[in-house]
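Peer 1: I have a structure here, written as structure tokens, and I will follow up with some questions on it.
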Amino acid sequence: MAEEQPLSKVVNDAARVIAGSNYVVALVGAGISVESGIPPFRGPGGLWTKHGEPPMDGYQRFLADPATWWAERLADSDSLSGLLQATESRKPNPAHHALAEMERTGLLQHVITQNIDNLHQEAGSRAVTEIHGNRLKLRCIACGACFAVEEFRVDEIPPRCPHCRGIVKTDIVMFGEPIPADALQSCEYHTRLCDCMLLVGTSAVVYPAAEFPIIALQQGASLVEVNPMETPLSELCRATLRAPAGEALPLLVERLREMKNERREERREESDGER
Ligand SMILES: [Zn+2]
């Protein structure tokens, strides 16, 4: 492993890679949400570590008897919003805001997230693909139409799609459930376009996210990593910010802003010189 470099030096390296790229895609994992107080599924303190992993065939069980699945979910609450997980009070953290700021200033073209917590959107990100769905949505398994949990009226169990009468489930991708085709296509599309992939709080070892950095590398894109822990991808990265995303990404955004101002200053001097 390379010797640890001071964060400011690596931030500068990362900012240069990003500023020199045309199409930057961020691949985001659970690490960013942990900083907002949302426990991860796996690892120490993880929900599944504590409560046991959900059945690996969760989707097949749902398909076999969606009415019972829904009846169980709705038994504890009088409305669908009871389904919303215990993440309701969570707020986006400085890392989410930094990514949204990068999008606004044209430095980030797309976010591919493995998280379901909607915190990117709450921070202001618009170009977001969610690999594992969104906890605030429901989805028709027949036509793929999505509905806001808050607005959906359950008139029957299992609930049916108002467009095609297909069975409706939560948008969150279950174990054994294929990643929705449109999400997968969007990830592949943006990965093909990118010349820089920013890996934030993900070790990218779980399919399908694991594929995207490899495809990006194969087409000559640079990888930049933000992760307090070393990952299998670390040594393939042009720059690695070994810090929590909430700390590293705001520094990166600040450095990018400085670089933009420096370039503006240089251009002004050049045009002054020409006069
Ligand atoms: Zn439908």
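The values are calculated or read from the model by the stated rules, or taken from the named source; none is laboratory data. Since this is a predicted model, take the numbers as computed values, not measurements. Glycine also receives a Cβ, built like all others from the backbone with ideal geometry; neighbour counts cover every protein chain displayed.
Peer 1: Which one of Glu265, Glu258, Glu230, Glu254 is part of a loop (DSSP other than H, G, I, E, B) and of a type in the set (Asp, Glu)?
Peer 2: Glu230
Peer 1: OK, next. Could you list, ordered by first residue, the pairs with Cβ atoms under 8 Å in which the first is in the stretch 1-12 and modelled with pLDDT of 65 or more and the second is in a helix (DSSP H, G or I), at least 6 apart or interchain?
Peer 2: Once the first residue is modelled with pLDDT of 65 or more and sits in the stretch 1-12, its partners that are in a helix (DSSP H, G or I) give Leu7/Ala248; Leu7/Leu251; Ser8/Leu251; Val11/Ala248; Val11/Leu251; Val11/Leu252; Val11/Arg255; Asn12/Arg255.
Peer 1: Residue by residue through the stretch 127-137, note down the ones that are at pLDDT 95 or above and either in a strand (DSSP E or B) or in contact with a Gly (Cβ under 8 Å, 6 or more places away or on another chain) (or both).
Peer 2: Within the stretch 127-137, Val128, Thr129, Glu130 meet the criteria.
Peer 1: On the given criteria, is Ser186 crowded, with 18+ Cβ neighbours inside 10 Å and assigned to a loop (DSSP other than H, G, I, E, B)?
Peer 2: no
Peer 1: What are the pairs with Cβ atoms under 7 angstrom where one residue, in the stretch 242-255, is within 13 Å of Met102 (Cβ to Cβ) and the other, located anywhere, is of a type in the set (D, E, K, R) and outside any helix (DSSP H, G or I)? Sequence gap at least six, or different chains.
Peer 2: Final answer for the pair search is Ala245/Glu35.
Peer 1: Right, here's the next one. Of (1) within 16 Å of the ligand (Cβ to nearest atom); (2) free of Cβ contacts under 8 Å to residues at least 40 places away in the same chain; (3) in contact with a strand residue (DSSP E or B) (Cβ under 8 Å, 6 or more places away or on another chain), Leu217 satisfies all except one. Which?
Peer 2: Just one mismatch for Leu217, condition (1).
Peer 1: Additional query: Does Ile172 satisfy being more than 15 Å from the ligand (Cβ to nearest atom), in a loop (DSSP other than H, G, I, E, B) and over 24 Å from the mean Cα position of the chain (by Cα)?
Peer 2: No; evaluated as a whole, the condition is false for this residue.
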